[in-house]
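Trainee: Let me begin by handing over the structure; questions about it come next.
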Amino acid sequence: MVAFPEEKPNWARGLGLVLGFAGILIVLGVWRSMPEGEIGGILACLAAIACYGIGIPYSKRYLSNSGATPIGLATSQVSMASLLLVPVLLISGLSPAAPVTFEVVVAMVALGALGSGVAFIMYFQVIARAGATTASSVTYLTPIVAAIVGIAFLGEHLTWNEPVGAMVVLLGVAVSQYRPPKTTPVG
């Protein structure tokens, strides 16, 4: 809302923003003392969310209104991201842990095209049809997904604040999407 004010804030968006942020704080359990390792992860998660907060309105302003199709935008974005990572790979000195076979390349292309590619096509469609505010509400789900992954794959324990915070986040998303019903004149 600050960087790209095209979508005018209203009470529903403001309340949804506050509820979503409060829900994230509840999911994270900010009142507990946290080991230093957790703080770094939390800050990384919040930085990623902030990047979405800038990237989504940027996409709305400069990309979605450019006349390009969502498929073209998604293809360009995934392709450019791949090309930008080539120098990083070369400089890092990392090498594959296993041979790079035809099957491995096909799997990587399929994951990129079918995973990220399809997700970005839908992303640009949502931005074009519903606006940046609606599309950006997905960023509130990141800490919830992080908590679920931590519980499912890292053996972290579920605490009361995670599902409660998730419900507050989802309530914030729902409130931010509220549109008053259109009334039709009687007569």
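Trainee: Check each of the chymotrypsin sites (Phe, Trp or Tyr not before Pro) in the range 100-187 and keep only those in coil by DSSP with at most 16 other C-beta atoms within 10 angstrom; list them in order. All intermediate terms of the calculation are to be shown ahead of the outcome.
Mentor: Details: sites: 102, 120, 123, 124, 140, 153, 160, 178; in loops: 160, 178.
Answer by residue number: 160, 178.
Trainee: Which of [x] 17.1; [y] 23.9; [z] 19.2 is the computed Kirkwood radius over Cα pairs in Å for the structure on display?
Mentor: [z]
Trainee: Same structure, new question: Taking a probe of 1.4 Å, how large is the accessible area per residue of the chain, in Å²? Working shown, then result.
Mentor: Details: 12600 Å² over 187 residues.
Here the per-residue accessible area is 67 Å².
Trainee: Let me ask something else about it. Near residue 144, within a Cβ-to-Cβ distance under 15 Å, what is the net charge of the other residues, with Lys and Arg +1 and Asp and Glu -1?
Mentor: Neighbourhood net charge equals -2.
Trainee: Springs between alpha-carbon atoms under 10 Å, Gaussian network over the chain: tell me which of 69, 139, 159 tops the mean-square fluctuations.
Mentor: The residue that fluctuates most here is 159.
Trainee: Using alpha carbon centroids, what distance separates the range 16-34 and the range 74-110, in Å?
Mentor: 36
Trainee: Which is the longest run of the chain containing none of the GluC sites (Glu not before Pro) found in DSSP loop states (not H, G, I, E, B) with at most 16 other C-beta atoms within 10 Å? Please list the in-between numbers first.
Mentor: Numbers: sites that count: 6, 7, 156.
Answer - 8-155.
Trainee: Looking at the chain, which longest stretch skips every one of the trypsin sites (Lys or Arg not before Pro) that is in a DSSP loop with at most 12 other Cβ atoms within 10 Å, leaving the sites themselves out?
Mentor: Details: sites that count: 32, 182.
Answer from the scan: 33-181.
Trainee: Under a 10 Å cutoff between Cα atoms, tell me which one of 63, 83, 19 has the largest fluctuation in the Gaussian network model of the chain.
Mentor: Checking each option, the largest mean-square fluctuation is seen for 83.
Trainee: Take the alpha carbon atoms of the range 32-131, find their radius of gyration, then divide it by 2.2 N^0.38 Å using N residues; give the quotient. Display every interim value, and only then the final one.
Mentor: Details: Rg = 17.4 Å, N = 100, 2.2 N^0.38 = 12.7 Å.
Cα Rg divided by the expected 2.2 N^0.38 Å: 1.37.
Trainee: For the range 101-160, compute Rh as the Kirkwood radius over C-alpha pairs and then the Stokes-Einstein diffusion coefficient at 10 °C and 1.306 mPa s; write the answer in µm²/s, rounded to an integer.
Mentor: This corresponds to a translational diffusion coefficient of 112 µm²/s.
Trainee: Of the residues 42, 71, 91, which exhibits the maximal mean-square fluctuation in a Gaussian network model of the chain defined by a 10 Å Cα contact cut-off?
Mentor: Highest fluctuation of the listed residues: 91.
Trainee: Related question: For the range 58-111, which whole percent of the accessible surface, found with a 1.4 angstrom probe, sits on carbon and sulfur atoms?
Mentor: Details: 3230 of 4260 Å².
Result for the range 58-111: 76 percent of the exposed heavy-atom area is carbon or sulfur.
Trainee: Here is a follow-up. Mean Kyte-Doolittle of at least 1.0 plus a Cα span of 20 Å or more along the axis: flag which DSSP H helices in the chain meet both, please. Show your work: numbers first, answer last.
Mentor: Details: long enough: 11-28 (26 Å, 1.99); 36-58 (33 Å, 1.27); 70-92 (33 Å, 1.69); 161-176 (22 Å, 1.49).
Those that clear 20 Å and a mean of 1.0 are 11-28, 36-58, 70-92, 161-176.
The values are calculated or read from the model by the stated rules, or taken from the named source; none is laboratory data. None of the values given here were measured: they were computed from a predicted structure. Here the Cβ is made from the backbone with ideal geometry for all residues, glycine too, and neighbour counts use every protein chain on show. Heavy atoms of the whole protein, side chains included, go into the accessibility calculation; ligands, DNA and RNA do not. Shrake-Rupley method; radii C 1.70, N 1.55, O 1.52, S 1.80 Å.
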